[in-house]
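J.: Here you go, one structure.
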Amino acid sequence: MKTRFLKWCLMAVSLSVIPLASAYAADCVHKVGGLAPLSAPGSVVGGEAMRDAMLLAERDINAAGGVLGCDLEVVITDTEGLPEKATAMMEKLITQDGVVAVGGGYHSSVGVASKDVANARGIPVVFAETWNDTITGDKQKYIFRIAPLSSWASGVIWQFAAQAPGVKKVAIVTENTDYGIPAAKECEVGLGSKGISSVTFGVDIGTQDFAGIVERVKAENPDYIIVLLTGEAGFNFTQQAADAGTGPQDIMFHANQAGLESKAWWENVPDGRLAFMARIGVPETMYSASALKFANDYKAKTGKTGVESFALEAYDSIGILAQAINEAGSTNGNAIVNALENISYDGVLGRIYFPYGSKKDPSADGKGNEWWHQWPDVAITMVQYQKEGEPSNTMTIVYPESYKTGEPEYVD
């Protein structure tokens, strides 16, 4: 009798623990980091867009069941667009916040500086918007990227400039960073291959007064201006150039993609009509159902009329990590890397996959090391503001032919 009573008590205790354990499991959290420039001299407009997108990703992932039966928490940290701050913030995310992976990242200098920290500690990173080729070029095990390579993106910029009518000389204004310096060089070489001369002016990140540079650009009498300044610096240079008679309505003018946040663009650059910009991702008319849902949610959250490319990238950088963790069945860095190398993720940018890595070296297809853990299908278009005050989602796509929605309007 005593034996049967003891067995009943043990059974009752074990049954009572089951719902309690389930309740604890529902309260568990797995953390991933999110890199974004939220303070100057970084691109604050870009960082805020990425932050909002990563928080929407967190919400959507948790609504769909989270990761490994737990909630996902995105710990967003401010890199200020500075390499030394990025290194410190990556260390903090890993050693203090306890993240198991990291997404986001806007400035190339952030990617170049912080990737070694993550790789040394075995923490997978999916960089969202860092273009410098060397970020994937040294074939680090834990580093992935869904943004385009700088050499590839710069190619679209200079190729469009080269086919514009009457272009014989181009002025390039660039920031002295891991993005700006190689991007300017790539444009110089590309334009030179078409017989077009170029002159480059470099400035430090965070510069606000461009009066001297504007006058030097004017003195060169270029036919086309390419601006490789990120964030608010791009706004400032463009309007100061317009005030001096060398803005988008005076000369063919490529402005930085931060201008895709149309509200901030028109507030800061009232003379910004006719500016060209590069945009990552397909136009909204070609969005998938998931991309349309994200776009609507993002607009409702931010009050914006369009979705910037870096917001799309930030959202997918978190989403792909969540899927990789679930497919790995683990938060172990090696397991996540293995899942990423085999992943097929249907994101707001399209189907993301990584054809090159430990299972196939880029050299097998005659490609350079920069294609290691690089998504190869990034869509890049050139768009133009053709009406004053128009929202970015209605901008005319002027290049390439496969996406074109209208003809470019050139300044005489």
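J.: For Asp138 and Asp116, compute 0.36 nm times the residue count separating them, minus their Cα-Cα distance, and round to one decimal in nm. It would help to have the intermediate numbers written out before the result.
T.: Numbers: separation 22, 0.36 × 22 = 7.92 nm, distance 1.03 nm.
Additional length available on full extension: 6.9 nm.
J.: Skipping prolines and chain starts, which residues have an amide H placed within reach, meaning under 5 Å, of the one on Ser198, given they are 5 or more residues away or on another chain?
T.: Under 5 Å from the amide H of Ser198: Val170.
J.: Let me ask something else about it. Give me log10 I(q)/I(0) at q = 0.15 Å⁻¹ for the chain, Debye formula, one equal scatterer per alpha-carbon, no solvent.
T.: Reported log10 I(q)/I(0), two decimals: -1.36.
J.: Still on this structure, please answer the following. Using a 7 Å offset from the Cα along the Cα-to-Cβ direction at both Val189 and Ala211, what is the distance between the two label points in nm, to one decimal?
T.: Each label point is offset 7 Å from its Cα along the Cβ direction, giving 3.8 nm.
J.: If amide hydrogens are placed 1.01 Å from N in the peptide plane, which non-local residues have theirs closer than 5 Å to the one on Gly347?
T.: Ile352
J.: Using mean Cβ contacts within 10 Å as the protection proxy, how do 254-267, 185-198, 315-328 order, highest first?
T.: 315-328, 254-267, 185-198
J.: Would you calculate, for the chain, the mean residue ellipticity at 222 nm contributed by helices, counting each DSSP H stretch of 4 or more residues as -39,500 (n - 2.57) and dividing by all residues, to the nearest 500?
T.: Theoretical 222 nm ellipticity from helices: -13500 deg cm²/dmol.
J.: Right, next: What list of ³J(HN,Hα) values in whole Hz, one per residue of the range 303-314 in order, does the Karplus curve 6.51 cos²θ - 1.76 cosθ + 1.60 (θ = phi - 60°) give from phi, with Gly and Pro shown as x?
T.: These are the phi-based 3J(HN,Hα) values: x, 8, 9, x, 10, 6, 4, 6, 6, 4, 5, 5 Hz.
J.: Amide H to amide H, which residues 5 or more places from His373 or on other chains are under 5 Å from it, using H placed in the peptide plane?
T.: Tyr356, Gly357
J.: Then there is this: Provide the per-residue ³J(HN,Hα) series for the range 392-400, in order, calculated from phi with Karplus coefficients 6.51, -1.76, 1.60 and θ = phi - 60°, each as a whole number of Hz, with x at glycine and proline positions.
T.: 5, 6, 10, 4, 6, 8, 10, 5, x
J.: Report the semi-axes of the equivalent ellipsoid for the range 64-211 in whole Å, largest first, where each axis is √(5λ) for an eigenvalue λ of the Cα gyration tensor.
T.: 35, 17, 13
J.: So which of Lys139/Lys367; Lys218/Lys404; Lys299/Lys404; Lys31/Lys115 end up more than 20 Å apart, counting from Cα to Cα?
T.: Lys218/Lys404; Lys299/Lys404
J.: Show me, for the range 109-121, the HN-Hα J-couplings you get by feeding each phi into the Karplus relation (A = 6.51, B = -1.76, C = 1.60, θ = phi - 60°), rounded to Hz, glycine and proline as x.
T.: 4, 5, x, 4, 7, 8, 5, 5, 5, 5, 5, 5, 9
J.: Could you rank the peptides 154-163, 102-111 by their average count of other C-beta atoms within 10 Å per residue, with the highest value first? Mind dumping the intermediate values first?
T.: Numbers: 154-163: 20.1, 102-111: 31.1.
Sorting 154-163, 102-111 by mean packing, highest first, produces 102-111, 154-163.
Any read-out appearing in this document is the output of simple, stated calculations on the displayed coordinates, not a laboratory observation. Everything numeric in this text was worked out from a predicted model, so none of it was measured. Every residue, glycine among them, receives a Cβ derived from its backbone with ideal geometry; neighbour counts consider all protein chains shown.
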